[in-house]
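The values are calculated or read from the model by the stated rules, or taken from the named source; none is laboratory data. Keep in mind the model is a prediction, meaning the values are calculated, not measured. Because the Cβ atoms are built from the backbone with ideal geometry, glycine has one as well, and the counts that use them run over all protein chains shown.
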């Protein structure tokens, strides 16, 4: 178990707006909410990177760009270029989607080469690298194989979902991923995390980032719960 303050819990949240129609004013709102709650990161589509970097100037809140989102069906060279472009525009973190077509074809060499290439770009720039599995389309054997590859390549995080597939984060998937990946690699839950109860259970299970568009609501709920109990920390 670990002891968490409200700010410590807020620092686990990747505050998310990946809607294809998100406007500049939506990004202003997202970044203002991230500032107000001291979230870890804003998770946005790559094209919004420079704008969010300007909006968060002077803070310790990261800008996270989604790469090959949400399908992952681009070449390794394209993912590398887009990662470099996002970093050049101010991205501190890269969340990229694995190529599920090559995975389903059994081309695990391609999957590992892709992961190594994107992680290398991030390492060279000092950026955080996250690998999105999109577990709703995978069987457990495939998830475990991805964990094995991640254990060799060592991205900063492996992540359950884009939030745009047929399912999101589940407790069972988090348990499986934490069990099978090297402890040096953290696990991020994303997709369908909308309540304080869900959020706290994912933290208890060992997630060290949680992607959600409901971060403000979640932190408000936890803050109210802590105030009602008269505590400044909780054990999870």
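Of everything in the stretch 118-128, what is under 17 Å from residue 151 (Cβ atoms) and either at pLDDT below 95 or out of contact with any strand residue (DSSP E or B) (no Cβ under 8 Å at 6 or more places or on another chain) (or both)? Give them in sequence order.
Selection gives 120 alone.
For residue 103, are the conditions met, namely being within 25 Å of residue 29 (Cβ to Cβ) and either buried (at least 18 other Cβ atoms within 10 Å of the Cβ) or at pLDDT 95 or above (or both)?
It is false that residue 103 is within 25 Å of residue 29 (Cβ to Cβ) and either buried (at least 18 other Cβ atoms within 10 Å of the Cβ) or at pLDDT 95 or above (or both).
Report whether or not residue 86 is out of contact with any helix residue (DSSP H, G or I) (no Cβ under 6 Å at 6 or more places or on another chain) and not in a loop (DSSP other than H, G, I, E, B).
No: the conditions fail for residue 86.
Considering only the stretch 62-72, I want to know if a residue exists there that is free of Cβ contacts under 8 Å to residues at least 40 places away in the same chain and in a loop (DSSP other than H, G, I, E, B).
So far as the stretch 62-72 goes, yes, one or more of its residues are free of Cβ contacts under 8 Å to residues at least 40 places away in the same chain and in a loop (DSSP other than H, G, I, E, B).
Could you give every pair whose Cβ atoms fall below 9 Å, whose first residue belongs to the stretch 160-172 and is at positive phi, and whose second residue is assigned to a loop (DSSP other than H, G, I, E, B), counting only separations of at least 6 or pairs across chains?
163/18; 163/70; 163/169; 163/191; 163/192; 163/193; 163/213
The rows are residues; the columns are (1) within 25 Å of residue 167 (Cα to Cα); (2) free of Cβ contacts under 8 Å to residues at least 60 places away in the same chain; (3) part of a helix (DSSP H, G or I); (4) in contact with a strand residue (DSSP E or B) (Cβ under 9 Å, 6 or more places away or on another chain).
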| residue | (1), (2), (3), (4) |
| --- | --- |
| 44 | yes, yes, no, yes |
| 51 | no, yes, yes, yes |
| 60 | no, yes, no, no |
| 82 | no, yes, yes, yes |
| 95 | yes, no, no, yes |
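Just to be sure, is residue 1 closer than 18 Å to residue 159 by Cβ and in contact (Cβ under 8 Å) with a residue 40 or more places away in the chain?
No.
Can you tell me which of (1) surrounded by 14 or more Cβ atoms within 10 Å (Cβ to Cβ); (2) in contact with a strand residue (DSSP E or B) (Cβ under 8 Å, 6 or more places away or on another chain); (3) at negative phi is the one residue 72 doesn't meet?
Exception for residue 72: condition (3).
Considering every residue within the stretch 99-106, establish whether at least one is assigned to a loop (DSSP other than H, G, I, E, B), touching a residue at least 12 places away in the same chain (Cβ under 8 Å) and in contact with a strand residue (DSSP E or B) (Cβ under 8 Å, 6 or more places away or on another chain).
Taking every residue of the stretch 99-106 in turn, none turns out to be assigned to a loop (DSSP other than H, G, I, E, B), touching a residue at least 12 places away in the same chain (Cβ under 8 Å) and in contact with a strand residue (DSSP E or B) (Cβ under 8 Å, 6 or more places away or on another chain).
Could you tell me whether any residue of the stretch 127-142 is surrounded by fewer than 18 Cβ atoms within 10 Å (Cβ to Cβ) and closer than 21 Å to residue 75 by Cα?
yes
With the stretch 153-236 as the region, which strands (runs of 3 or more DSSP E) entirely inside it contain at least 3 residues that are within 24 Å of residue 5 (Cβ to Cβ)?
Because the criterion is at least 3 residues that are within 24 Å of residue 5 (Cβ to Cβ), the strands (runs of 3 or more DSSP E) in the stretch 153-236 that meet it are 186-190, 209-212, 233-235.
Taking the stretch 1-34, which residues are in a helix (DSSP H, G or I) and buried (at least 16 other Cβ atoms within 10 Å of the Cβ)?
Selection gives 6, 9, 10, 27, 30, 31, 33, 34.
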